[in-house]
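Have a look at the structure below, then the notes.
The values are calculated or read from the model by the stated rules, or taken from the named source; none is laboratory data. The shown structure was predicted, so the numbers you read here are calculated from the model rather than taken from an experiment. Glycine gets a Cβ as well: all are built from the backbone with ideal geometry, and neighbour counts include every protein chain shown. What goes into the accessible areas is simple: the full protein's heavy atoms, side chains included, and nothing from ligands, DNA or RNA. Shrake-Rupley method; radii C 1.70, N 1.55, O 1.52, S 1.80 Å.
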Amino acid sequence: MKIAVCIKQVPDTAEVRINRETGTLIREGVPSIINPYDTHAIEAALSIREMLGGTVCAVTMGPPQAEASLREAISLGVDEAFLVTGREFAGADTLATACALSGVIKKIGADLIICGKQAIDGDTAQVGPEVAEFLDIPHVSYVKKIIEVNAESIKVERMMDDGSDIVEAGLPALITVVRELNTPRLPSLKGKMNAKKAEIKKMGAAELGLPPEVVGFNGSPTQVKKIFTPGPRGGRKQLEGPLEEQIDALINELLEKKCL
Amino acid sequence: MDYFLSEEQLMIKELCAQIAQEKVIPVRAELDEKEEFPWEIMKVMASSDLFGLFIPEEYGGLGKGSFELTIAVEELSKACLGVSTTYAANALGTYPILLFGTGEQKKKYLPDIAAGKRLVAFGLTEANAGSDAGGTRTTARLEGDHYVINGTKQWITNGGEAEIYTVIAITDRSKGPRGASAFIVEKGTPGFSFGKKEKKMGIRASATRELVFEDCRVPKENLISKEGMGFLVAMKTLDSSRVGVGAQGVGVAQGAFDEAVKFARQRVQFGHPVIGFQAIQHMIADMATEIEAARALVYAAARYADSGAKDVTKVSSMAKLFATDVAMRVTTNSVQVMGGSGYMREYPVEKMMRDAKILQIYEGTNQIQRNVIAQNIIKEAAKAK
Ligand SMILES: Cc1cc2nc3c(=O)[nH]c(=O)nc-3n(C[C@H](O)[C@H](O)[C@H](O)COP(=O)(O)OP(=O)(O)OC[C@H]3O[C@@H](n4cnc5c(N)ncnc54)[C@H](O)[C@@H]3O)c2cc1C
Ligand SMILES: Cc1cc2nc3c(=O)[nH]c(=O)nc-3n(C[C@H](O)[C@H](O)[C@H](O)COP(=O)(O)OP(=O)(O)OC[C@H]3O[C@@H](n4cnc5c(N)ncnc54)[C@H](O)[C@@H]3O)c2cc1C
């Protein structure tokens, strides 16, 4: 079984501040981490490898510094790492990002691709499903449990608003995972030592056979026009007065709205 | 202070700090409260390769030395001595095999130990043999292809939890100190059982238990080294492990000190953070100086051992003695700096002070360390003449 994990290097949002004027993150001086959802993706890949054998490779698109995330992935036990990097990828939206990622996955080949549910900085949760579309394979998002996996198929439980679904997909397939799936392991000493010397394979658009117009800014149909903090959600009502009265008012309100 | 750690040593420190932060600190108070053995943490340490740190590569370890073990133990001890005692006692129990075991014994036991699959304990102490190992009553009698062991070991760290035990027993009482021998006994051997689990002041996550031998038959091949070498095995084992107790002292002192400084900067009385009072500042200055001195001595002793030095007894005793006395003083003063808050379980220094006390007692009390240091000085002086 060959498994590819897409990991994104993101600023540690626990330590990030926001520029009030532009509404953007102040990234300077903020430590970078592997997108937390992606650490669950790595864990899932490693435990499947422990069960079925095979290899796990980690893939990221990002600036040269993103190499640090790939080395961290190797310290956890990932076998191989690929960094998609180059000026041509700058300004990518989710479509262009997915295009580049699917390019490298096509090149290395994978039976199963695992992504995080979403990135904690971009937050769109689009990249995983888009990669699957580019590869023309099935995908299951929001996976919280892997029930069964073998050389032909994968059976998972995915989170829904109103409970969960059990879904089976033929391989190759892509899944995106949520935190409930597992507890990511810590690195091992041997892993850390391997990570130090491991070769990180770097690839640009040319190596991936992607024309310049499909990646980066040029390949991005969406553009950020304005970044702002959304206002509070409307349609709320705050009850006041003594507790008993509030309870009565709430019950009346719910009865009126036919909620009770 | 920069001790010029190599890249690999920094990795070990970083990894242990991460384990301490993510896996130990969140549960240490609960483990202490419930007197619960830290199995989850041991599993994490096993998969992080930490049990193989000081075991040669040919047996699946990383082939590092005393110094690397020191760094690991220090980092873990900053967070919890109960956890670090469990880990360090595993090394203590392993040394007899590592230092004196036959090729067969090493091949049989070290790979599992390196992988953290089987935990080890060391059994020397008995009711009548504390500081005075000469009081050992447990016996081993050769009968055909087996030794038959009888007796009770007390206060054995990792007792009950460990799978492999290295145990000292008398094979020939007429020979006095040369009549003791060391054995490997596996959990599950008929005639080998566990007595009561002790309730303790501190290191309550660590298990301390009696080992009971009643006509326990172990194969002849489980004798470590030769008959009569038991006390030598024990002494060399303690020489190797003692620096680790020093490292525990440095770690717990640093852990308590960091809490005290953090608290003293925040706590306001008489309109100032208490760290502004000179009385507090001087305590903090003394603590920081003593911790650094202890660390320097412990590191020097570990590096001396790794240099292949033949006799490390005096130096390792000094490191253990000094660093653990510092640990007791610093944890006590950290509580003092924090006042009533320091005395409360809500803050970690209360536990650290309780925990620190054991370091002045086990693996040779600090009185015994002073005896040993003095005896060595007398010997050296006599030789120099
Ligand atoms: C500050 C900032 C500025 C931006 N500016 C622009 C802009 O000017 N124009 C524009 O169009 N878009 C812009 N974006 C959006 C940017 O394109 C997205 O961050 C990116 O496409 C990934 O989308 P996402 O972060 O929402 O990931 P998600 O879709 O939320 O990520 C889901 C999963 O996909 C995988 N994944 C995502 N990204 C990568 C990656 N790079 N490498 C490997 N795996 C990955 C991971 O497994 C991840 O868990 C900006 C984003 C930020 C944070
Ligand atoms: C929590 C815990 C874990 C332990 N784990 C292990 C283990 O894993 N394996 C193991 O074998 N043992 C273990 N021990 C035993 C430990 O090593 C002994 O407790 C220690 O060596 C001291 O022996 P004792 O307690 O019998 O004290 P005693 O020898 O009875 O000493 C009592 C007092 O007299 C002093 N004293 C004794 N003799 C002299 C002397 N000649 N000169 C000056 N002062 C002296 C001592 O310093 C002490 O203050 C453990 C003990 C504890 C409490």
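Here are some notes:
- Top-ranked residue of the stretch B:15-25 - restricted to ones that are more than 8 Å from chain A (Cβ to nearest Cβ) and in a helix (DSSP H, G or I), ranked as surrounded by the most Cβ atoms within 10 Å (Cβ to Cβ): B:CYS16
- Test for B:LYS187: is it touching a residue at least 24 places away in the same chain (Cβ under 8 Å), surrounded by fewer than 23 Cβ atoms within 10 Å (Cβ to Cβ) and under 30 Å from B:SER77 (Cβ atoms): yes
- Residue list for the stretch A:112-133, filter: in contact (Cβ under 8 Å) with a residue 12 or more places away in the chain and part of a loop (DSSP other than H, G, I, E, B): A:LYS117, A:GLN118, A:ALA119, A:ILE120, A:ASP121, A:GLY122, A:THR124, A:ALA125, A:GLN126
- Considering residues of the stretch B:29-38 that are open to solvent by 50 Å² or more (accessible area, probe 1.4 Å) and in contact with a helix residue (DSSP H, G or I) (Cβ under 8 Å, 6 or more places away or on another chain) only, the residue farthest from the other protein chains (Cβ to nearest Cβ): B:ALA29
- For the stretch A:15-59, the candidate set comprises residues that are among the acidic types (Asp, Glu) and within 29 Å of A:ILE108 (Cβ to Cβ); within that set, the residue that is farthest from ligand 1 (Cβ to nearest atom) is A:GLU50.
- Residues of the stretch A:180-210 that are part of a helix (DSSP H, G or I) and either in contact with a helix residue (DSSP H, G or I) (Cβ under 6 Å, 6 or more places away or on another chain) or within 14 Å of chain B (Cβ to nearest Cβ) (or both): A:LEU181, A:LEU189, A:LYS190, A:GLY191, A:LYS192, A:MET193, A:ASN194, A:ALA195, A:LYS196, A:LYS197, A:ALA205, A:LEU208.
- The residues of the stretch A:114-127 that are in contact with a helix residue (DSSP H, G or I) (Cβ under 8 Å, 6 or more places away or on another chain) and within 6 Å of ligand 1 (Cβ to nearest atom), listed by number, are A:CYS115, A:GLY116, A:GLN118, A:ALA119, A:ASP121, A:GLY122, A:THR124, A:GLN126, A:VAL127.
- The lone exception for A:ARG158 - which of (1) surrounded by fewer than 14 Cβ atoms within 10 Å (Cβ to Cβ); (2) part of a strand (DSSP E or B) it fails: (1)
- Listed by first and then second residue, the pairs linking a residue in the stretch B:1-13 that is hydrophobic (A, V, I, L, M, F, W, C) to a residue that is outside any loop (DSSP other than H, G, I, E, B) and surrounded by 10 or more Cβ atoms within 10 Å (Cβ to Cβ), with Cβ atoms under 6 Å apart and 6 or more places separating them unless they lie on different chains, are B:MET1/B:GLU292; B:MET11/A:LYS192; B:ILE12/B:GLU68; B:ILE12/B:ILE71; B:ILE12/B:ALA72.
Condition check ((1) more than 14 Å from chain A (Cβ to nearest Cβ); (2) open to solvent by less than 10 Å² (accessible area, probe 1.4 Å); (3) in contact with a strand residue (DSSP E or B) (Cβ under 7 Å, 6 or more places away or on another chain)) across all residues:
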site: B:VAL27; (1), (2), (3): no, no, no
site: B:GLU40; (1), (2), (3): no, no, no
site: B:GLY52; (1), (2), (3): no, yes, no
site: B:GLU57; (1), (2), (3): no, no, no
site: B:GLY60; (1), (2), (3): no, no, no
site: B:THR70; (1), (2), (3): yes, yes, no
site: B:LEU76; (1), (2), (3): no, yes, no
